[in-house]
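Every number here is computed from the coordinates shown, using simple stated rules; none is lab data. Note that the structure is a prediction, hence the values are computed from the model and not measured. Every residue, glycine as well, gets a Cβ built from its backbone with ideal geometry; the counts of neighbours run over all protein chains shown.
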Amino acid sequence: MKWPQRWVAAFVVTLPAGKGESQPVSEACHFPHTVKHILVKCTCYSAARQRYFGVATLKDVFENVASRNIIAYIKYIGFCNRI
Ligand SMILES: [Zn+2]
């Protein structure tokens, strides 16, 4: 799946740089915090996803969620949990 460029840019800005070491791991669910995990899987942020996305699958996120909502969500979880 090809990621829209604006989303990639938003994540690059928001997520901490990898430094070639292990990815940040979700404290609650212990999965690596990949983009997909954050957008559709992470149980820690399910309430926030409902609030900002209102959809359940990555396909729906891509097709139906406005980019400003994605960015607002990323900022929200980054602010709360310092991913
Ligand atoms: Zn998680």
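Approximating the spin labels as points 7 Å out from Cα along Cα→Cβ, the residue 27-to-residue 64 distance works out to 3.2 nm. Legend: ranking of residues 41, 59, 75 from fewest to most surrounding C-beta atoms inside 10 Å; resulting order 59, 75, 41.
For 61, 35, what ranking results if the residue with the fewest other Cβ atoms within 10 Å of its Cβ goes first?
Lowest count first: 35, 61.
Based on alpha carbons, the Rg and Dmax found for the stretch 24-81 are 10.6, 29 Å.
Evaluating 6.51 cos²θ - 1.76 cosθ + 1.60 at θ = phi - 60° for every residue in the stretch 63-72, the Karplus couplings come out as 8, 10, 9, 5, 4, 5, 6, 4, 5, 4 Hz, glycine and proline recorded as x. By the beta-carbon count within 10 Å of each Cβ, the least crowded to most crowded order of 77, 38, fewest first, is 77, 38.
Less than 5 angstrom separates the built amide H of residue 25 from those of 33, all sequence-distant by 5 or more or on a different chain.
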